[in-house]
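Chemist: Here it is, the structure in full.
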């Protein structure tokens, strides 16, 4: 009898632990599936962009969307300073691609990884802006092309972030190499 009570107690504790782990896992999955957004300023224009700061979001990007809708673009945040390649996977509209590198107030390179960006958006970290290092204007869609045959687009220099903007934006607004993009929140 004494052992039976202890068994029941252990079973309840184990059940609670398992349910807690499942609950936390679901919360984490929901949290990483949400698309945060950010307000930025490019060439004196205020824009609202979606933020792709998880590997799933960076892979998906604008795939399968018919347009950007009311959103002005997407900001891809990477954990490293490297040559980041973009493709037009399942894209239905052309875009401008802009590669940027984070720079601090003194002009030194800095990274805005996922956690650094989350701090930036919440106002806890705000000393990093980004400088344009390359632009691919008016990149066309590639309808019916399989993954391994897509044209890879990559910046001439390493970057820490990439913006995908509405096609023609860079030309219409005179965005050029060396310009600073301000992330407002």
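Chemist: Could you tell me which numbered condition residue 94 fails, if it satisfies all but one of (1) more than 20 Å from residue 157 (Cα to Cα); (2) at pLDDT 95 or above; (3) surrounded by 20 or more Cβ atoms within 10 Å (Cβ to Cβ)?
Modeler: It fails just one condition, (3).
Chemist: Since residue 67 meets every condition but one in (1) in contact with a strand residue (DSSP E or B) (Cβ under 7 Å, 6 or more places away or on another chain); (2) modelled with pLDDT of 90 or more; (3) over 23 Å from residue 148 (Cα atoms), which condition does it not meet?
Modeler: (1)
Chemist: From the list 174, 144, exactly one residue is more than 23 Å from residue 71 (Cβ to Cβ), surrounded by fewer than 17 Cβ atoms within 10 Å (Cβ to Cβ) and either assigned by TED's automatic domain parsing to the domain that holds residue 47 or in contact with a helix residue (DSSP H, G or I) (Cβ under 7 Å, 6 or more places away or on another chain) (or both). Which is it?
Modeler: 144
Chemist: Looking only at the stretch 122-151, count every residue that is at pLDDT below 95 and within 24 Å of residue 184 (Cβ to Cβ) and tell me the total.
Modeler: Adding up the residues that qualify gives 10.
Chemist: Tally time: how many residues in the stretch 132-175 are part of a loop (DSSP other than H, G, I, E, B) and out of contact with any strand residue (DSSP E or B) (no Cβ under 7 Å at 6 or more places or on another chain)? Before you say what the answer is, go through the steps one by one.
Modeler: Of the stretch 132-175, the ones part of a loop (DSSP other than H, G, I, E, B) are 140-146, 150-152, 155-158, 167-168, 173-175.
From the residues that got through so far, the ones that are out of contact with any strand residue (DSSP E or B) (no Cβ under 7 Å at 6 or more places or on another chain) too are 140-146, 150-151, 174.
Going through the stretch 132-175 one residue at a time, the tally reaches 10.
Chemist: Would you check which residues across the stretch 23-63 are modelled with pLDDT under 90, loosely packed, with under 13 Cβ neighbours inside 10 Å and not in a helix (DSSP H, G or I) and list them?
Modeler: Selection gives 34 alone.
Chemist: Go through 117, 169, 163, 154 for me and flag whichever is assigned by TED's automatic domain parsing to the domain that holds residue 78, crowded, with 17+ Cβ neighbours inside 10 Å and modelled with pLDDT under 85.
Modeler: 117
The values are calculated or read from the model by the stated rules, or taken from the named source; none is laboratory data. Remember, it's a predicted structure, so these values are computed and weren't measured experimentally. Note that we place each Cβ from the backbone using ideal geometry, even for glycine, and neighbour counts take in every protein chain shown.
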